[in-house]
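One structure is given below, encoded as structure tokens.
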Amino acid sequence: MIGPKGQSGLMVAWLGWALATGVSATAYSRGSKTIDLGRVNTVKQDRISVRTMDRSFYKPEDRYEWHVKEGIRQLRAGLTVASIENFVHAAAFAPYQPYVRRLLGHAYVRAGQYHAAVDQFLRMIHLSKNPYRLEVEFQRFYSDRSQFARDVSVLAAAADADPEDAALSFLAGMYYFYREEFSQARPHLVRAVANSPENPDYLRFLRYLERE
């Protein structure tokens, strides 16, 4: 039986042979596992380069797009936890992109994590600097108006069940606002401001509403 040192020596010898003979793909076995080393090729200055098959996937912009699209697909399929994971990854690649913050907020709402949803929606508003523009994004996300109505109904019930939770009241009011049901939005936003008068975001959103 070849020991660990012997295995390391064989791996080095294999790499040298692959480089000398022009073998493009290399792999070796350790126990029951096959270790893929990628492609070995010569480059300028006679250095060895290990090239992965999907290098383009590791570009930040490509990773962002992939995670967003996959998260949307999962959210629409009811895979809420999986969608949150993908949106979190997307936000890590593009932390100043309000679009993914909104998607993450919707996913948290579906998961019943309302305070996390409020945090993402407020980040979204701060990054976009224009809450009115986000109304279009809400309408685009909720192309199924019946789903929008169900989400608003769930949020309103949760806010009414805990009237002292300012974040819940704000969330329900914001959803009503983007649904253009301003009369239903106002009492929730007023209650959010009353329960958390030190929060400037709640007051600012109430003022947006009063302009309507």
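The values are calculated or read from the model by the stated rules, or taken from the named source; none is laboratory data. Owing to the predicted nature of the structure, the values given are computational and were not obtained by experimental measurement. Heads up, the Cβs are rebuilt from the backbone with ideal geometry, glycines too, and the neighbour counts pull from every protein chain shown.
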| said: Looking at the range 169-198, I want the residues that are aromatic (Phe, Trp, Tyr) and surrounded by fewer than 18 Cβ atoms within 10 Å (Cβ to Cβ) and have a partner that is modelled with pLDDT under 95 and assigned to a helix (DSSP H, G or I) with Cβ atoms under 7 Å, at least 6 apart or on another chain. Which pairs are those? | reply: Phe182/Leu209
| task | Only one of these is modelled with pLDDT under 90 and over 23 Å from the mean Cα position of the chain (by Cα): Glu164, Glu180. Name it. | result | Glu180
| query | Would a scan of the range 105-113 turn up a residue that is farther than 20 Å from Phe177 by Cβ, crowded, with 16+ Cβ neighbours inside 10 Å and outside the structural domain of Arg207 (by TED's automatic domain parsing)? | reply | yes
| request: Pick out, from the range 116-212, the helices (runs of 4 or more DSSP H) lying fully within it that include 2 or more residues that are among the hydroxyl-bearing types (Ser, Thr, Tyr) and within 26 Å of Arg76 (Cβ to Cβ). | output: 145-161, 166-178
| task | Would you check which residues across the range 149-205 are of a type in the set (Val, Ile, Thr) and either assigned by TED's automatic domain parsing to the domain that holds Val118 or closer than 14 Å to Val109 by Cα (or both) and list them? | result | Val152, Val154
| task | Considering only the range 52-95, state which residues are surrounded by fewer than 18 Cβ atoms within 10 Å (Cβ to Cβ), in a loop (DSSP other than H, G, I, E, B) and at pLDDT 90 or above. | result | Ala77, Gly78, Leu79, Pro95
| Condition met for Val136 (aliphatic (A, V, I, L, M), exposed (fewer than 15 other Cβ atoms within 10 Å of the Cβ) and not assigned by TED's automatic domain parsing to the domain that holds Leu203) | yes
